[in-house]
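Asker: So that we are looking at the same thing, I have put the structure below in structure tokens.
Derivation of every value follows stated rules applied to the coordinates shown; laboratory data play no part. Values in this document were obtained by computation on a predicted structure and should not be read as measured data. Cβ placement follows ideal geometry from the backbone for every residue including glycine, while neighbour counts extend to all protein chains displayed.
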Amino acid sequence: MKFGILVNEGPYNHQASDSAYRFAKAALDKGHEIYRVFFYYDGVLNATKHSEPPSDDRNVIKNWQKLAEDHKVDLVVCVAAGLRRGIVEDSLAPGFRISGLGQLIEAGIQADRMVTFGD
Amino acid sequence: MGEDMEEEYEGGVVKKFMFVNRKAPYGTIYALEVLEMVLISAAFDQDVHIAFLDDGIYQIKKGQDTKELGMKNFSPTYRALEGYDIEKLFVERESLEERGLTEDDLLVPVEVISRAEMGELMAGMDVVLTA
Amino acid sequence: MSTLHTVNKSPFERSALQACLGHAQASDSVLLIEDAVMAALSGNAFAAKLADAGQSVKLFVLGPDLKARGLDPAKVASGITVIDYDGFVDLAAENSTIHSWL
């Protein structure tokens with residue numbers, strides 16, 4: 001199965017990003033494919049390279065980066081939502097890329113299943 | 001509003017998309033950013049449906065005046081959807097009634113359907129996007 | 001064509017679960033995740049509504065979210081199946097659409 005994932009919320013403020021990550025990881029471990037993870041609304045904040053969470057808890061941004069690294073998962077940040085929230089090319093953590101909303105619609109078309117995680 | 005509007009989709013696959021709106025405008029950004037997503041979807045020749053239920057019906061309520069909030073009134077954009085061939089707008093009757101509103105309070109032509117019909121409509125979708 | 005519905009907010013906080021149950025079709029699946037999991041415990045104020053819905057839809061609750069909140073999976077109402085993320089993925093694959101009620 002090819003999954004598309006939409007993340008609507010930023011790291012830590014809501015569980016959405018964690019839930020999406022755990023779902024993606026479980027799907028990959030089961031041999032499924034993640035077609036794309038699209039970060040929209042506050043979800044774009046998951047791509048910041050400036051996050052320095054306390055070391056005794058999970059690092060949400062690094063979790064996503066590792067997924068991209070280990071499984072070549074396509075992590076896409078919406079350019080317009082990013083601009084609103086100050087997430088631009090310069091602020092991106094490695095592993096994320098900025099693109100248009102069309103990438104989300106395309107994921108909906110190309111993936112077998114689309115799962116949304118939000119507030 | 002909307003980038004990549006010239007990006008034409010040539011894949012040929014047509015799926016039934018539904019954008020579900022359940023939240024009022026302005027208290028959160030979802031109404032606005034879902035609308036931006038809907039506009040982008042127009043370039044992909046998909047079978048787009050927009051559902052307004054619960055407080056989502058306020059997104060298309062007539063007479064929005066945001067001047068004193070200093071926020072942009074983006075409700076006129078719903079009237080532009082028709083120009084993009086996005087015409088399948090559905091409003092849940094019970095949601096209107098619960099809020100003391102009628103079809104006359106809405107700023108765009110919609111199809112008012114019952115909760116039961118809305119459930120059936122949702123069941124037939126390929127991709128459901130919510131916020 | 002069946003749908004997997006997910007609900008992530010408590011019915012005491014949001015109307016999402018209520019709205020979900022009001023639209024889900026017979027033989028759809030409803031999965032409670034994140035803050036919605038407390039609705040799955042037997043004896044809570046929403047239990048009767050869920051049990052009612054369980055007559056036509058399949059009910060599931062995410063175990064890891066229960067445990068995180070100190071809720072005992074053994075106290076989940078009968079008729080609601082506790083699953084983990086693997087089960088979540090399976091449900092998503094088995095149903096043709098996923099509808100997240102936020």
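Asker: Take the protein assembly as shown, drop everything but the C-alpha atoms, weight them equally and run the Debye formula without solvent; then report log10 I(q)/I(0) at 0.10, 0.14 Å⁻¹ to two decimals.
Answerer: The calculated log intensity ratios at q = 0.10, 0.14 Å⁻¹ are -0.59, -1.21.
Asker: Then there's this: Relative contact order for the range B:1-110: what is it in percent, counting Cα pairs under 8 Å that are at least 6 residues apart?
Answerer: 28
Asker: Using the scaling law 2.2 N^0.38 Å as the reference, what is the normalised Cα Rg of chain A?
Answerer: Compactness ratio reported: 0.96.
Asker: Right, next: Please state the charge dipole magnitude for chain A, taken about the Cα centre, from unit charges on C-beta atoms (+1 on K and R, -1 on D and E), reported in debye and rounded to the nearest 20.
Answerer: So the magnitude is around 200 debye.
Asker: Related question: Of the cross-linked pairs A:72/C:9; B:62/B:88; B:23/B:67, which ones have a Cα-Cα span greater than 28 Å in the structure shown?
Answerer: Cα-Cα > 28 Å for A:72/C:9; rest within.
Asker: Bins of 10 Å, beginning at zero and ending with the bin holding the largest distance: percent of Cα pairs per bin for the range B:16-130, please.
Answerer: Per 10 Å bin, starting at zero, the Cα-Cα P(r) for the range B:16-130 comes out as 14, 49, 33, 5, 0 percent.
Asker: Counting only residues 5 or more places away or on other chains, whose amide H sits under 5 Å from the amide H of residue C:59 once H atoms are built in the peptide plane?
Answerer: C:30, C:81
Asker: Near the amide H of residue A:116, under 5 Å away, which other amide H atoms are found, from residues 5 or more places off or on another chain, if H is placed in the peptide plane?
Answerer: Result for residue A:116 returns A:6, C:100.
Asker: Sticking with this structure for a sec: Which residue, A:59, A:46, A:13, tops the fluctuation ranking in a GNM of chain A built on C-alpha contacts under 10 Å?
Answerer: A:13
Asker: Additional query: Using alpha carbon centroids, what distance separates the range B:22-61 and the range A:18-44, in Å?
Answerer: Answer, in whole Å: 24.
Asker: Please give the Cα centre distance for the range A:88-119 versus the range C:29-102, rounded to the nearest Å.
Answerer: 27
Asker: Net charge near residue C:93, counting Lys/Arg +1 and Asp/Glu -1 over other residues with Cβ under 13 Å of its Cβ?
Answerer: Every neighbour counted, the sum reads -2.
Asker: On average over all directions, what projected area in square nanometres does chain C have, based on the convex hull of its Cα atoms?
Answerer: 5.5
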